[in-house]
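Please read the structure below before turning to the comments.
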Amino acid sequence: MKKVYLDNASTTAIHPDVVSEMTRVLTEEYGNPSSTHYLGRSSRNLIELSRKSIAKNLHCAAQEIIFTSCGTEANNFIIQSSIKDLGVERIITSKIEHHAVLHTIEILKKQYSIEVDYVTILPSGEIDVVHLTDLLSTKAKTLVSLMHVNNEIGTILNLERVSKICKQHQAYFHTDTVQSIGKTSVNLEQIPIDFLVASAHKFHGPKGIGFAFIRKGIVLNPILLGGEQEKGLRAGTECVHNIVGMAKALELAYESLIEEQKQITFLKEYAISQLEQHIPGIKFNGNPNQTFYNLLNFILPFSDDKTAMILFNLDMKGIAVSRGSACQSGSTKPSHVLAEILSEEDLRKPSLRISFSHYNTTDDIDYFIENLKLV
Ligand code: PLP
C-alpha cells in the first residue's frame, strides 16, 4: 500500500545519517560519561562536542545548553524552576500553548499561588502583542511563556519583538521553540530570549532527547535530583547516542535549511491551491499565507456522517495526518487551540492538520486530496 506521511508536526522520520551515527555510538561508545577511564572520557567528549555543535547553530555558548529527555521535560524544568529559584510571582502565557506549558502552569498556580494572565489571541490565532505590553505594565516579577510556532495552526510569534518588550519590562522570556528549531534560524546572540526549548524528534532526530537553553547568568536549580550530570542541573546518566543523534540532526537541518525551506514552502503553496480547487468550501484555520511554512490546518465542509470516519478512512489508504479538532478520532474534546479562534459552529466541523517535511512530494498531496474527496 502507498504510504503518505503528512504528520511532521507530530514527529519526523529520522535522517539516515543520524541513524548511522547513533548506531556507531551505541555499538562502540558505551562508556558512562561520568567514568574517568578511557571509555567514559570518550563518551564525555562526544557529549561536549554535541553541546558545542548545537550552541554554534543557535549562536549561544555551549554551557547554556542543558540536555533533557524531551521538550516537555525542558518546559517543565524552566517553568517550575523559575518560580522556585527566580522569585517569579506571575506568569503571562496564552491559551494556545502546548499542554507541556499549559498544564505545568495550571499546577504551579495551585501550588505556589502565583498569578497567571492569559494574553488575548487574535482571530488569526496570533498573540495580541499590544495586550501583552499592557499586561506587562503592572509591576510583579514576571515570566512570559509564549511559543514560537504553534503546533496546531502554525501561527508565528515575533521573537525579536516580544523578547525586547519583555526586556523593557524586566520580565523573563521563555519560548517553546519545539516546532521551529531546526526549521528556521534562531540567533540567540541577537535575540534576548532567556529560555528556550527544543526536541530532536521534530527535526529528523531521535525521540527521547531535547534541550533547554538557559541564558548565562540565570541560576536555576534542577527538578530531577541525583548525580551531578549537566552541571548538577539534570541528574541521570546521559543518553549519549541520543545526544549525538540530536546534534547530528540539527547540523544536517541547518546545513540544508534554505533549500528545504524553499521546497517545503512550494509544497505548502501547492497544497493550498489544490485544496481550494478540489474541496470547495474549505476554510483555513489561521491565515495560510502567514502561518509557518510546513503546516496547514483547515476546516472541511463535510457532513456529520462523513466527519466521524475521516482519519480512519485516510489511515486505511496509508495516509497519516492529524486531527485539528475533535470528532474524527472518537474524542469529543475539541482542540484547545481551535477553541480559542473558531466559532461554536466551526468548532463542531472537522478540522485537519497536515504538516510537511522535505521527504514529501506533490504526489503525496495529490494522493491525499484524491482520497479526501472519497471520504
Ligand atoms: N511543545 C510543542 C510546541 C510541541 O509540538 C511538542 C510536541 O508535540 C512538545 C512541546 C513536546 O515535545 P516532546 O515530544 O519532546 O516532549
>> Under a crude label model (7 Å from the Cα following the beta-carbon direction), how far is residue 168 from residue 112 in nanometres?
In response: 2.6
> Do you know the relative contact order of the chain, to the nearest whole percent, from alpha carbon pairs under 8 angstrom that are 6+ apart?
Replying inline: 23
>> Using only Cα atoms and rounding to the nearest 10 degrees, what angle (0 to 90) does helix 71-86 make with the longest principal axis of the chain?
In response: 50
> Ignoring any ligand, DNA or RNA, what whole percent of the accessible area of the chain comes from carbon and sulfur when the probe is 1.4 angstrom?
Replying inline: 53
> How far is the Cα center of the range 210-273 from the Cα center of the range 24-47, in Å?
Replying inline: 21
>> I need the Debye-formula profile for the chain: one equal scatterer per C-alpha, no solvent, reported as log10 I(q)/I(0) at q = 0.11, 0.12 1/Å, two decimals.
In response: -0.80, -0.94
> Considering only the chain, what is the antiparallel percent among its DSSP beta bridges, to the nearest 5?
Replying inline: 55
> Gain in length, residue 375 to residue 122, computed as 0.36 nm per residue apart minus the alpha-carbon separation, to one decimal in nm?
Replying inline: 87.8 nm
>> If I model the range 152-223 as equal point scatterers sitting on the Cα atoms and use the Debye formula, what is log10 I(q)/I(0) at q = 0.12 Å⁻¹?
In response: -0.36
>> Please check: in the Gaussian network model of the chain (C-alpha springs, under 10 Å), which one of 77, 298, 312 has the largest mean-square fluctuation.
In response: 312
>> I'd like to compare 45-58, 212-225, 349-362: which one has the highest average count of other Cβ atoms within 10 Å, and what's the full order after that?
In response: 349-362, 45-58, 212-225
> Rounded to the nearest whole Å², what accessible area per residue is found for the chain with the 1.4 Å probe?
Replying inline: 43
>> Assuming 0.36 nm per residue, please report the length gained on full extension of the stretch residue 49 to residue 274 beyond their Cα-Cα distance.
In response: 76.5 nm
> If the viscosity is 1.306 mPa s and the temperature 10 °C, what Stokes-Einstein diffusion coefficient in µm²/s follows for the range 179-315 when Rh is the Kirkwood radius over Cα pairs?
Replying inline: 86
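The values are calculated or read from the model by the stated rules, or taken from the named source; none is laboratory data. Please read all numbers here as calculations on a predicted model, not as lab measurements. Virtual Cβ from ideal backbone geometry, glycine too; neighbours counted across all protein chains shown. Accessible surface is based on the protein model in full, side chains and every heavy atom, while ligands, DNA and RNA are left aside. Shrake-Rupley method; radii C 1.70, N 1.55, O 1.52, S 1.80 Å.
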